[in-house]
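Structure first, then comments.
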Amino acid sequence: MSVIVEAFGLVFQPNVLLVILGSACFGMFVGAIPGLTATMATALLVPITFFMDPVPAIGAIVTATAMAIFAGDIPGALLRMPGTPASAAYVEDAYRMTRSGRSEESLGAALVFSAIGGIFGTIVLVTASPALAEVALKFSSFEYFWLVVLGLSCAVFVSPGSVTRGIISLLIGLFAATIGIDNPAGEPRYTFGNVELLAGVQFIPAMIGLFAVSEVLRSVVSRSERPPVPPSSGDGIFRSQWTNLKRYPVQVLRGSVLGTAIGALPGAGADIAAWISYAVSKRFSKQPQKFGTGHVEGLVEAGASNNGAVSGAWIPALVFGIPGDSITAIVIGVLYIKGLNPGPTIFINDPQLIYAVFIVFFLANIIMLPLGWVAIKSAGTILAVPERVLMPIILMFCIVGSFAINNSIFGVILMLIFGVLGFLMDENDIPIAPAILGLVLGPMLEQNFITSMIKADGSFLAFFERPIAAGLGLFTIAIWCLPLIAMMIARRKRTAPGPNAPD
Amino acid sequence: MYKRTLMSIAAALIGTTLFGMSAASAQSYPDRPIQMIVPWGAGGGTDAVGRVFASLLQEELGVPVNVVNRTGGSGVVGHSALANAAPDGYTIGVMTIEIDMMHWQGLTELTHEDFDILAMVNADPGGLMVSADSEYESLDTLLEAIKAEPKGTFKSSGTGQGGIWHLGLAGWLLSEGLEPDHVTWVPSQGAAPGITDMVAGGVDIVPSSLAEGRSMIDAGRVRPLATMSGERQEAFPDVPTLNEATGSDWTLAVWRTLVGPDGMPDDVKATLTAAIEKAYNSEEYQTFMNDRGFGMRWASGEEATEIVAADDASLGEVMTKAGLAK
Amino acid sequence: MDSVSHVPDVKLGGPLAPLLFDHSQDGSASMKLNDLSLGILVLLSGVGIYLSALQFSPIPGQAYGAETMPTTIALVAIGLGVFMIGKAVVVRNAAPVLALADWTRSPMALVGLSVAIGLVVFYILFSQAIGFVPTAFLVIVTLMLTLRTRPVTAILVSLLATIVIQQAFGRLLLVPLPRSALGFLW
């Protein structure tokens, strides 16, 4: 008990609270700029946290990432440019809602259910962290392989438009991921002797290019000012959320649970959580046809999910020193610099610090509500700024962001290439999100497939020999079969004369 | 008239800039921020060492020292950026043992000779670890089992194909009179995923440094069997050396050196080396390294260069025998 | 029932297409290849990737390696390409090989596009030499003026944006932005 009192003492100090508030605003800012990710917010915070005590340092990172993941929804909803990859899954719905004058409802849903997901994830983190990490630790390359295939399947089935074009997009992403030397065989591929290409296609410049630069180019050629968004009525940010909560209680819970669980898996973070939750939501929804058209249901579930994942990712990080995602990978480095070795011993040696981190998690998710309200209200003015002024500045942000991730002008070159590519894909109705997922998951897919085959001496059956792998594998195959079976039934119905033929 | 004024202004500006710069460098080094290039990602061990030194050197030299991560391409990207920077002392960085491997693999022309080595600040011997669930309690029983079973029965992981711990394993197997690929190598993204996979039952052995397995060793999930050093490690006094365990003479340690591009002026090198030595001996550095379980190792200029060159030769030999050299 | 798999590839034909895709409502808004040519492009890319993957080899002693992933991608692409071509031939869509969007006939739009791309190229080539502040200012102000922002607004906003970005990234976040050759601007 005294430990918890001590933990409160560590957190509730003026300078610590000031740091938390400051990094909350910073997280809001970075997340709201298209292309600047929560990972980047963390990476950029590290040099600053270096000069702080452990609790404010960790507090700054916790707060900034939670804010950034939510704030990523703001440009997603207002400009159709997800601020972070975790917002990409439901960007179409959020944007359509804005276009039909419901920006406050969509952003309010993102805000409130982000906070709910985050708080749920934190409760799980606090109560069940050792047990959950135990399950995640049982995962070998066989289980990861299925998880990645599951993620990629979702990428194709979730994206709007035709499955054919979704696969084209996915293949573009997967192919881009093969460039470089960081593959299981350690063999340089498609590098043409270029040193920078050895590192492969860096994810952040590619994402900035595909999502943000392509949007700048599109706005430059279309040149039509966006139709003015009808002013959204009154204080709709929180009001409609009570209705949403009552209408979609299962979705909120499912999103929170699934997000936290996916976050707790090493290597899978908020973005995969959002994709899978959006797909699950659509699959089990009573109105799947409304998804992608400005429907709040998927937004509610995936919004809760990605913030749940932010908290969940800390479970393996704290308990075993194994990062749950790229953000916690950076955090582990910071903990070490502070002389706190993540691992089971940290719970014995410095329990007050762990509790202090938990308290910061709750605080971050609570102050998200008022700060998010301010952010949504002021972000609304983004729509009032004419594109001819906004777009050049966004372009500059993109350039600097692409540069900053590896401090290399090569990032800007990549950004430009992917910007033009994204523009052409958009012109041809090829969705962009599967390409991004292919780029992120491609290396994991390859790594886990090749290493599994080496371990199993080339036997495909090994993918079903371990119980969890078998479960995940059957689940994935079922997901693939469902639409095929559905399509066959539909075709049979269509060929058979009947009044109830679909379409 | 207008044109002439403009040109003279431009000339004056360029003149002051150039003159100002040369005057400044002659005057006193350092007088502006220094960049510290780290060729590996944020959050890793090399990054941590780079950042500790950056903050300590900042105090020592009185100018900001900014860490810049240049990652990817198995370290080639960062090492190239460092080697190609101006040798003026305003770009320094952390060089890792991969510099002794990448040119053998045919990835780059770059070798350690393209750098001015200031000091070696850390070295971690390799180790041999098994899962705590493993039936092998000591290295000699494990070695017997490896010898008794056909090639490829045992699997090992901890770096990518041809990575440093792959060579550590191959070198050890060679020293025991076995084929370098008698134990199959399973590529991984690094030591931590390799260890996780071993605990999950995916592979049998991880030959990474014990420091990298420390939190799992402390958690009772990983059993260290040996260290690839000449003497036992201070942080792991119960773990025997390879020589004690099986009589093998194989040793391997990964090190980190602070370097600059080849051709730095002598006075700059002297200033930097003195500051690095002071930082190395500071309590902050010592505490940090001990807490993290990293091995301390100090060697300046000449001595460090010799160690780097010796490793270059021995790694080249193992890589050639294992068929990993191009 | 997966609604997505219902939508036929021929965008203009599907009854759900307008619900799912904004751009397909007006065919001339975007510059796109028809399904047949897109299928051919996918097929050719697949064949190209397959041939290029022949230079990679498996990990010694293993059945798989560097060639596995590109080969798999290539085979999926070839299959997809054949499927798309077959479907396009059966459906016989009358869409032209390359539908030119309205904007391709507008000189303003073409100028804007080339200026935007050109400015990024300009930054890539010259930022290291002339420094962040002047390059960034030029990039922002030129694009603003091209998009017909009023000159006074353009100059003031560009200046402000440049300084804010430089301070936020260069000073606060210690990103090593290219140093200006004119020392006082750093």
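Data overview
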read-out: Mean Cα-pair separation over length for the stretch C:61-182, i.e. relative contact order, pairs under 8 Å, 6 or more apart, %; value: 24 percent
read-out: Separation of the residue B:113 and residue B:145 label points, Cα + 7 Å toward Cβ, nm; value: 4.6 nm
read-out: Residue A:250 versus residue C:82: modelled label distance in nm, points set 7 Å from Cα along the beta carbon direction; value: 4.2 nm
read-out: Part-to-part distance (alpha-carbon centres) for the stretch B:97-121 and the stretch A:175-201, which is given in Å; value: 20 Å
read-out: Whole-Hz couplings from phi, Karplus 6.51/-1.76/1.60, listed for the stretch A:246-260; x for Gly and Pro; value: 6, 7, 10, x, 5, 4, 4, 5, 4, x, 4, 5, 5, x, 4
read-out: Sulfur and carbon atoms: percent of accessible area, the stretch B:87-180 [1.4 Å]; value: 46 percent
read-out: Size-normalised alpha-carbon gyration radius of the stretch B:127-246, reference 2.2 N^0.38 Å; value: 0.94
read-out: Relative contact order %, the stretch B:127-246, counting alpha carbon pairs below 8 Å whose residues are six or more apart; value: 36 percent
read-out: Between C and A, accessible area buried - total, square angstrom, nearest 100, 1.4 angstrom probe; value: 7000 Å²
read-out: Largest-first ordering by accessible area, 1.4 Å probe, given options A:374, A:112, B:121; value: A:374, A:112, B:121
read-out: Average projected area [Cα convex hull, the stretch C:106-185], square nanometres; value: 5.5 nm²
read-out: Considering only the stretch B:127-246, percent of DSSP beta bridges that pair antiparallel, nearest 5; value: 60 percent
read-out: Listed residues B:313, B:261, B:143: farthest to the positive end of the dipole of chain B (Cβ charges); value: B:261
read-out: Efficiency of FRET between residue A:13 and residue B:309 - r from beta-carbon atoms, R0 51 angstrom, step 0.05; value: 0.45
read-out: Candidate aspartates and glutamates - alpha carbon under 17 Å from residue B:269, same-chain residues fewer than 8 apart omitted; value: B:31, B:60, B:88, B:113, B:114, B:116, B:277, B:302, B:303
read-out: Helix-derived mean residue ellipticity, 222 nm - over chain B, DSSP H n ≥ 4, -39500 (n - 2.57), to 500; value: -13500 deg cm²/dmol
read-out: Protein accessible surface hidden between B and A, which excludes ligands and nucleic acids, total in Å², probe 1.4 Å; value: 3300 Å²
read-out: For chain B, fraction of C-alpha pairs farther apart than 37 Å, in %; value: 24 percent
read-out: Charge sum, other residues only, whose C-beta stays under 15 Å from residue A:31's C-beta, Lys/Arg counted +1 and Asp/Glu -1; value: -2
read-out: Shielded by partner chains, the stretch C:61-75 residues - at least 10 Å² of accessible area, 1.4 Å probe, vs chain alone; value: C:62, C:64, C:65, C:66, C:68, C:69, C:70, C:73
read-out: Straight-distance crosslink candidates among aspartates and glutamates, where the alpha carbon sits under 18 Å from residue C:32 and sequence neighbours closer than 8 are dropped; value: A:215, A:426, A:427, A:429, C:9, C:22, C:102
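The values are calculated or read from the model by the stated rules, or taken from the named source; none is laboratory data. Source: prediction; values computed, not measured. Cβ: placed from backbone, ideal geometry, glycine included. Neighbour counts: every protein chain shown. The accessibility values were calculated without ligands, DNA or RNA, using every heavy atom of the protein model including side chains. Shrake-Rupley method; radii C 1.70, N 1.55, O 1.52, S 1.80 Å.
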